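Structure, as structure tokens:
The values are calculated or read from the model by the stated rules, or taken from the named source; none is laboratory data. Computed from a predicted structure; not experimentally measured. Cβ placement follows ideal geometry from the backbone for every residue including glycine, while neighbour counts extend to all protein chains displayed. In case anyone asks, the SASA skips ligands and DNA or RNA and just uses the protein heavy atoms, side chains included. Shrake-Rupley method; radii C 1.70, N 1.55, O 1.52, S 1.80 Å.
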Amino acid sequence: MTNLNLSDEWNGILLKLKKWARINSPWAIHYNSGSCNGCDIEILATLTPRYDAERLGVKLQGSPRHADVLICTGPVTLQSRDRLRRIYEQMPDPKFVVAVGSCAISGGVFQGCYNVVGHIDEVIPVDAYVPGCPPRPEAIIDGLVKLLTALKQGDPPPTERPTELELENYDAATI
Amino acid sequence: MTAVISPKKEKFIIPIGPQHPALKEPGHFEFAVDGEIVTEATVRLGYVHRGIEKGAEARNWTQNLYLVERICGICSHIHALTYALGVEVLAEVEVPPRAQAIRVLVAELERIHSHLLWFGVAAHEAGFDTLFMYSWRDRETIMDILEALTGNRVNYSANVLGGVKFDISDEQRKVILDGLDFLEKRTHHYLDVATSDGMFLQRTRGIGITRLQDAQRLGIVGPTARASGVMRDVRVDAPYAAYDMFPINIVVETAGDLEARFVVRLKELFESFRLVREILDNLPPGDLQAKRFPRRIKPGEVISRVEAPRGEVFYYIRSNGSDMPERVKVRTPTLCNMASVLSLAVGHHLADMPMLLVGIDPCFSCNDRGVSICSSQGEHGRWTWERLRQFGIDYYANKV
């Protein structure tokens, strides 16, 4: 939208509109990259009537191309690493990642197992962390709300995007 | 694992997964279709393979209790229970009867939570989201009970080697009984819906029929097998923990279709309600833990079998006299049942695939575990930790 040659005033209005829409309807996609299912059933429980994340506009989406927020769990197994990367790359900008559970943050109990990378921010940049084994649904909602509040107050939380060199290495290693 | 009926030169293959709206967990399926009918089905597993069995060899006996609990977040108590029962036999430690009864109590509560969870997910796959929301709302009752007992909603850590961690107070007893009364009422309603709702029955009745001989040939376990008339339940065949004090009745259906699997699982809920009430009324007195548990366990090997919500869980544990196990082998029910999905898929509509898959109550995180390496140089020795780790890293780095 920025290359429509609009005046600064209109650009500002459009930006505000985009921000408003983004904060009120974050569509989420969920990917299990090697988790034990504990976090995944708690994420599902977050969407069901007791906790009902949909009242905040959060909706679980099937396709990464429709999603704004990637909720991922698990210590990232070597086999699902490429998939996680691909799902992240398929999501349109701006995109945010919420890492749910101890394994996603530090590898948790699987630290040192031979088939795991260890934590999610070694593979994709993460914007919010929700600790717990597994975190309660309230904690997951809290993580999402913190992310949305940060968006509302200004710029998205600072994240370390991969450098060009890292991306090249990634391509050389996988393709 | 592949099944074929009409080998043609040209095939139209529909890939599903590992990330797909119909799958809550990663697994990759390829269905070759002729129009709407599936002619060939292949599965690729292993997306959740973390290397737990090898990891268990580098942790001590107590640490492993918490590692195996995280093989599966849905039946976490069952894994810890199977492991603890095996290790206690190896260490020749007698577990007090009260601890065994509480273990069975938590196992049955977990079965209730798991079956309600499955019921919701199955309804969701059938396109009946209202039922999914209802059953998950009711499932929160059992989550509250488990939290009141153990302090956590999932991964309860109820077991220690030689006993359990907590006792049951009178208030907790009342919370459990109130919760069960509510759930029993709801389960009657669900059984009614699953056997009489016309729309729902169109997705389940007569779909995916597994006959008795097929179930036996494919080695299906758990409620999936009992829906085909297989009289097999470890709780009855080889009672463990306190199941000899509190026997259960096997629930068996003979139709073998998806409806029968719904009925078996829902009727098992009533059996669990009854058992939990019975245990609460007749809880044996005594200690919660064995007096002493050795840090090192003398050499030996043991097999431990337990009936998980999805079927039989099997552990083989070997000790070499140190404070760590030499080998822990786990066999989980989903892998046993996966072959039945592939053989059933052929000849069914593509739209039935999610229902057929969910019919076995799949749990991929239990599933993705077997690792068998046949080296091209013809060496079949034991692999060291470093070598296995390096193999994994190199394999995925060089993959084309």
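Annotation note: Cβ proximity below 6 Å between a residue of the stretch B:255-281 that is closer than 19 Å to B:V121 by Cβ and a residue that is open to solvent by 30 Å² or more (accessible area, probe 1.4 Å) and in a helix (DSSP H, G or I) (sequence gap 6+ or interchain) occurs for B:L266/B:L191. Across the stretch A:62-96, the number of residues qualifying as over 12 Å from the mean Cα position of the chain (by Cα), under 22 Å from B:G392 (Cα atoms) and of a type in the set (S, T, N, Q) comes to 3. Whenever a residue of the stretch B:16-30 is within 9 Å of chain A (Cβ to nearest Cβ), its partners that are assigned to a loop (DSSP other than H, G, I, E, B) and of a type in the set (S, T, Y), lying with C-beta atoms within less than 6 angstrom and at least six residues away or across chains, give the pairs B:P18/B:Y47; B:P26/B:Y47. Any residue at all in the stretch A:108-115 that's more than 17 Å from B:P26 (Cβ to Cβ) and open to solvent by 50 Å² or more (accessible area, probe 1.4 Å)? Yes: the stretch A:108-115 contains one or more residues that are more than 17 Å from B:P26 (Cβ to Cβ) and open to solvent by 50 Å² or more (accessible area, probe 1.4 Å).
For the stretch B:113-142, a tally of residues being assigned to a helix (DSSP H, G or I), farther than 20 Å from B:K267 by Cβ and either of a type in the set (D, E, K, R) or more than 10 Å from chain A (Cβ to nearest Cβ) (or both) returns 5. For the stretch A:65-89, a residue qualifies if it is hydroxyl-bearing (S, T, Y) and open to solvent by 10 Å² or more (accessible area, probe 1.4 Å), and exactly one does: A:Y88. Quick check: is even one residue across the stretch B:322-335 modelled with pLDDT of 85 or more, surrounded by fewer than 15 Cβ atoms within 10 Å (Cβ to Cβ) and part of a loop (DSSP other than H, G, I, E, B)? Among the residues of the stretch B:322-335, at least one is modelled with pLDDT of 85 or more, surrounded by fewer than 15 Cβ atoms within 10 Å (Cβ to Cβ) and part of a loop (DSSP other than H, G, I, E, B), which makes the answer yes. When you look at B:V346, is it open to solvent by 20 Å² or more (accessible area, probe 1.4 Å), over 22 Å from B:N64 (Cα atoms) and modelled with pLDDT of 85 or more, yes or no? When the stated conditions are applied, B:V346 passes them. For the stretch A:56-64, indicate whether the set of residues that are in contact (Cβ under 8 Å) with a residue 40 or more places away in the chain, open to solvent by 10 Å² or more (accessible area, probe 1.4 Å) and more than 19 Å from A:I140 (Cβ to Cβ) is non-empty. No: the stretch A:56-64 contains no residue that is in contact (Cβ under 8 Å) with a residue 40 or more places away in the chain, open to solvent by 10 Å² or more (accessible area, probe 1.4 Å) and more than 19 Å from A:I140 (Cβ to Cβ).
Here B:P96 fits the description: of a type outside the set (A, V, I, L, M), touching a strand residue (DSSP E or B) at 6+ places or on another chain (Cβ under 7 Å), more than 22 Å from A:R81 (Cβ to Cβ) and open to solvent by 10 Å² or more (accessible area, probe 1.4 Å).
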